[in-house]
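Novice: My questions all concern the structure below.
Please treat every number below as a calculation from the coordinates, not as lab data. Predicted, not measured: the structure shown is a model, and the values here were computed from it. As a convention, Cβ positions derive from the backbone with ideal geometry for all residues, glycine included, and neighbour counts pool all protein chains shown.
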Amino acid sequence: MIELPVKRYWRRAENCLTFLPKDPEKIEYGFDGKLIGSTHSRLQGQYTITTNIHVGRDFMVFNVVFQPEALYRLTGIPSYDLTNTFVDAEAVSSKEIRLVNERLSYTKHYIEMIEIVENFLYFLIHKSKK
């Protein structure tokens, strides 16, 4: 069996909404060897530590990187609550995210994914203005 490569991510100041429509990743914080399974979509904050990402055999990622404070305005989650960690995006917007994840899993090309994710972001923007 061929061992899959591990991708190392250094510290980065990003708040993201990440979709993994195929095989989810496993994340190792620092170099402790403990793998934490990711979900098919997650909200993640700034990392001040190195993370190692263990990908699946059918790897595809669609990542939305937000400007400072944008994720807070859309979700109400303070950025410090997401530092060095992630939360399952379905915990924040369960029904809508589940539909986005399902649609992305059947999509073959990033071009199609852009429209799906943009429509979801428009939904979040509209919802946050209420």
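Novice: Student exercise: in the chain, how many lysine pairs 8 or more apart or on different chains have Cα atoms under 21 Å apart?
Specialist: Here the count comes out as 9.
Novice: Starting from the Cα of Lys22, step 7 Å along the direction of its Cβ; do the same at His126; then give the gap between the two resulting points in nm.
Specialist: So the two model labels end up 3.2 nm from each other.
Novice: For the charge dipole of the chain, defined by +1 on Lys and Arg C-beta atoms and -1 on Asp and Glu C-beta atoms about the Cα centroid, which residue among Asn63, Ser105, Tyr29 has the Cα displaced farthest towards the positive pole?
Specialist: My answer, from the dipole projection, is Asn63.
Novice: Same structure, new question: Rounded to two decimals, what is Rg over Rh for the range 56-130 when you use alpha-carbon atoms and the Kirkwood radius?
Specialist: So for the range 56-130, dividing Rg by the Kirkwood Rh gives 0.97.
Novice: Right, something else. Have a look at the range 6-128 and give its Rg and Dmax from the Cα atoms, expressed in angstrom.
Specialist: 14.1, 41
Novice: What does the charge dipole of the chain about its Cα centre add up to, to the nearest 20 debye, if the Cβ of each Lys and Arg holds +1 and the Cβ of each Asp and Glu holds -1?
Specialist: Roughly 180 debye, rounded to the nearest 20.
Novice: What whole-number distance in Å separates the alpha-carbon centres of the range 1-26 and the range 36-73?
Specialist: Answer, in whole Å: 7.
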